[in-house]
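Rule-based calculations on the coordinates, nothing more; no lab input. Keep in mind it's a predicted model, so treat the numbers as computed, not measured. Cβ coordinates were reconstructed from backbone atoms using ideal geometry, including for glycine residues, and neighbour counts include every protein chain displayed.
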């Protein structure tokens, strides 16, 4: 019995011949390149489907390599858009500086360069858009901002953009951030393992940006405990350091936590204002050991967050995915637990105090 003859692979040239178009037009259309009109792209996609076209992954990889080599001088820069009122403050945070370093190192690996663009009174959004278009820059990374900026008339339709974190909700593009829920659950678990039963969580936020995700992780972890060991979340809200310290003092007195888990960088200072010494009186665990003023808690792997953000924006560029996406995606990067001095291990037996007699004997020797 003879074996069936294999069906020849449908090529781009077969589709081009049927539609009386050039090979390059078909190639660009199947990659949804904006240079080809929407009507032509739709017709080519339909014809390719009817003919049973399937891309050859090896040829696609080779074509992408050749195209990237040709386009490298044009697409060499990825914009890092800084909208902070004081632009220099952005990278004064260790987390955000490592976002930059991770993204920049990954960009260089693939033949790109990360360049900062400050968007503010001297360069409003529309002017920034003009600059990026003039320089043929289509990729944008948006680091965490102190507040959601007003992008005004900036048109995102021809740009591939990725946001870091949830501190701003505009534009509604893809997000790369730390896995705040899982990180908080990990911190809670490790704190329990070190002998702390009454663990409290304090945040300045309740319904905005990161607050709900940290809070959700804490509540999920705490739900496994007996009712008597569960503590209500302290939401400090807006206010001064002094008003926060007063709320904290009342909460500490009422619920008597053995350790405080927080994303508030000023927590140690507030505890000391209310008469609690860390770690003598209370343990302190932070969501970021880099910027939380404590050496115990979560290391969020910020360089990896930066690397992933670049890889996502590069994939969007290669896929010609521009503008606000119809489906919102988030890429989460896991953090790691770091031991430190602000949460002494209570499970280890305390060293016995030497008697005065032994101390005098040792001194005499």
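A few comments on the model shown:
- Listed peptides 290-300, 147-157 by packing density, highest first (mean Cβ within 10 Å): 290-300, 147-157
- For the chain, the equivalent ellipsoid derived from the Cα gyration tensor has semi-axes of 53, 25, 20 Å, listed largest first.
- Each Cα pair under 8 Å and six or more residues apart adds its separation to the average, and for segment 180-299 the resulting relative contact order is 27 percent.
- Net lengthening on full extension, residue 109/residue 22 (0.36 nm per residue, minus Cα-Cα): 28.0 nm
- Ordered by the count of other Cβ atoms within 10 Å of each Cβ, fewest first, 280, 13 give 280, 13.
- If you plug the beta carbon distance of residue 242 and residue 216 into 1/(1 + (r/R0)^6) with R0 = 30 Å, you get a FRET efficiency near 0.55.
- CD proxy at 222 nm, helix term only [per DSSP H run n ≥ 4: -39500 (n - 2.57); per residue of the chain; nearest 500]: -12500 deg cm²/dmol
- Modelled spin labels at residue 315 and residue 45, positioned 7 Å past Cα toward Cβ, are 1.9 nm from each other.
- Multiplying the residue separation of residue 153 and residue 324 by 0.36 nm and subtracting their alpha-carbon distance yields 60.1 nm.
- Tilt relative to the chain, helix 94-109 - C-alpha long axis, 0 to 90 degrees, to 10: 30
- The chain: most fluctuating residue of 145, 122, 180 per GNM, C-alpha cutoff 10 Å: 122
- Residue 116-residue 269 FRET efficiency (beta carbon distance; Förster radius 25 Å; 0.05 resolution): 0.20
- Ordering of 97-108, 250-261 by packing is 97-108, 250-261, highest average first (other Cβ atoms within 10 Å, averaged per residue).
- The relative contact order of the chain comes to 18 percent, based on Cα pairs under 8 Å that sit 6 or more residues apart.
- Residue with peak Gaussian network fluctuation, the chain [Cα springs, cutoff 10 Å], from 239, 200, 306: 239
- Taking other Cβ atoms within 10 Å as a rough exposure proxy, 117, 110, 213 sort from fewest to most as 110, 117, 213.
- Contour minus Cα-Cα distance for residue 123 and residue 198 (0.36 nm per residue): 22.0 nm
- The alpha carbon gyration tensor of segment 180-299 gives principal lengths a ≥ b ≥ c with a/c below 1.5, which makes the shape rounded.
- Comparing 192, 230, 31 in a Gaussian network model of the chain where C-alpha atoms under 10 Å apart are linked, the largest mean-square fluctuation is found at 31.
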